[in-house]
1. Out of the residues in the stretch 84-113 that are within 13 Å of ligand 2 (Cβ to nearest atom) and farther than 18 Å from residue 31 by Cβ, state the one that is surrounded by the fewest Cβ atoms within 10 Å (Cβ to Cβ).
2. Scan the stretch 270-283 and tell me whether some residue there is of a type in the set (Asp, Glu), under 17 Å from residue 121 (Cα atoms), modelled with pLDDT of 95 or more and away from ligand 2 (no atom under 14 Å from the Cβ).
3. Mind telling me which of the residues 314, 288 ends up being in contact with a helix residue (DSSP H, G or I) (Cβ under 8 Å, 6 or more places away or on another chain), surrounded by fewer than 24 Cβ atoms within 10 Å (Cβ to Cβ) and within 21 Å of residue 167 (Cβ to Cβ)?
4. Considering only the stretch 201-241, how many residues are touching a residue at least 40 places away in the same chain (Cβ under 8 Å) and either among the acidic types (Asp, Glu) or open to solvent by 50 Å² or more (accessible area, probe 1.4 Å) (or both)?
5. Tell me which residues, restricted to the stretch 293-311, are touching a Leu at 6+ places or on another chain (Cβ under 9 Å) and open to solvent by 60 Å² or more (accessible area, probe 1.4 Å).
6. If residue 46 passes every condition in (1) open to solvent by less than 60 Å² (accessible area, probe 1.4 Å); (2) within 16 Å of ligand 2 (Cβ to nearest atom); (3) at pLDDT 95 or above but one, which one does it miss?
7. Looking only at the stretch 251-278, which residues are farther than 23 Å from residue 210 by Cβ and buried (at least 23 other Cβ atoms within 10 Å of the Cβ)?
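The values are calculated or read from the model by the stated rules, or taken from the named source; none is laboratory data. Since the structure is predicted, the reported quantities are computational estimates derived from the model, not experimental observations. Glycine gets a Cβ as well: all are built from the backbone with ideal geometry, and neighbour counts include every protein chain shown. Surface accessibility is based on the protein's heavy atoms, side chains included, excluding ligands, DNA and RNA. Shrake-Rupley method; radii C 1.70, N 1.55, O 1.52, S 1.80 Å.
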Amino acid sequence: MNEPLILGIETSCDETGVGIVRGSTLLADAVASSVEEHARFGGVVPEVASRAHVEAMIPTIQRACGDAGVSLRDLDAIAVTGGPGLVGALLIGTATAKALASALEIPLYAVNHLAGHVVVDELEHGPLPQIAVGMLVSGGHSSLLLVHDDAEDVTPLGATIDDAAGEAFDKIARVLGLPFPGGPWIDKSATEGNRNAIVFPRGLTSSKDQLEHQYDFSFSGLKTAVARWITQQQAAGHVVSVPDVAASFQEAVVDVLTKKAIAACLDHGVEHLIIGGGVAANSRLRVMAQERCDAAGIQLRVPSPKLCTDNGAMIAALGSKLVRQGIAPSPLNFPTLSVLPVSTVVMHQ
Ligand code: KG4
Ligand code: ZN
């Protein structure tokens, strides 16, 4: 039998993503981003994102079909991000997916965006290991998860108790006068800086925190420490080196992320770490994670940067996995949930 042909739709934030996969082969990954429309506001404006999705949705579907050389009638199923995300933005994708699935009379899977960020790795690095630790680091989430090869089985180990990792990058970029979204700019600036110039705090790493928040993250104290350091330097008449601050801040974030991820693997006897989400595109995170995984005997899997940030291919990849596992699709009256627990991989009601 031919592998199933799946179209995935992602509209949880500011990217209109449409991906097409056959089995676990990526055929198309079309993304239209409204990021430039949000830049002057210093963050994503939900209303602006929704309007952009309405404009980009159909052209992006057409582009993906053209790139893949398939027609909508060839599809076996559709997958769409059902949550979490901005509710108005999610509605554009879910309404489109429901209309398409009912017109084409094919199954529809409303899936969890966060699981998509992990499962997308199958498109590049083959089937998921039987069990892995997944570290999801994006603009809205920072979580450590136990992920099984059965994509429906995801157990949360820990998460941020305040800002997400990407949010911290975006906020510090703003303080440093770098554009939005700040992650890629801090990453770039840091290459010219000294990562040991300033020692910023590593949140939730004290021995007391290890008891209560072993696998949790906190970035708000770091954010305050960076802002205070800059103010003090300026008050003392010193010139602040943006690359040094960027590199030192990035080092603090990446140090904590990799340490906790590897501890989670070792503590659970897990030999594979998968990192996903926009912050997984960070060059220092990729290098440090590889070095520390090598030292600990852990196999690291990280998707290429384009598949780390939001895209439709990750939703198609997850949909395809569910179809191949014989999981029942979602009913067509499923709701759109801005908050969806990470353990709900596919919505069944
Ligand atoms: O996964 P994503 O595209 O969207 C969400 O689901 O949030 O992640 C976006 C986040 C933003 O905060 C952005 O600044 C961050 O990922 N990001 C990066 C890099 N590229 C994107 N952070 C650090 N370094 C990067 N190279
Ligand atoms: Zn995301």
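1. Here the residue is 84.
2. Yes.
3. Result: 288 is the single residue among 314, 288 that is in contact with a helix residue (DSSP H, G or I) (Cβ under 8 Å, 6 or more places away or on another chain), surrounded by fewer than 24 Cβ atoms within 10 Å (Cβ to Cβ) and within 21 Å of residue 167 (Cβ to Cβ).
4. Here the count works out to 6.
5. Residues satisfying the conditions are 294, 299.
6. Condition (1) is where residue 46 drops out.
7. 274, 276, 277, 278
Results for (1) touching a helix residue (DSSP H, G or I) at 6+ places or on another chain (Cβ under 7 Å); (2) more than 14 Å from ligand 1 (Cβ to nearest atom); (3) under 29 Å from residue 60 (Cβ atoms), shown as yes or no for each residue.
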| residue | (1), (2), (3) |
| --- | --- |
| 84 | yes, no, yes |
| 95 | no, yes, yes |
| 130 | no, yes, no |
| 148 | no, yes, no |
| 152 | no, yes, yes |
| 156 | no, yes, no |
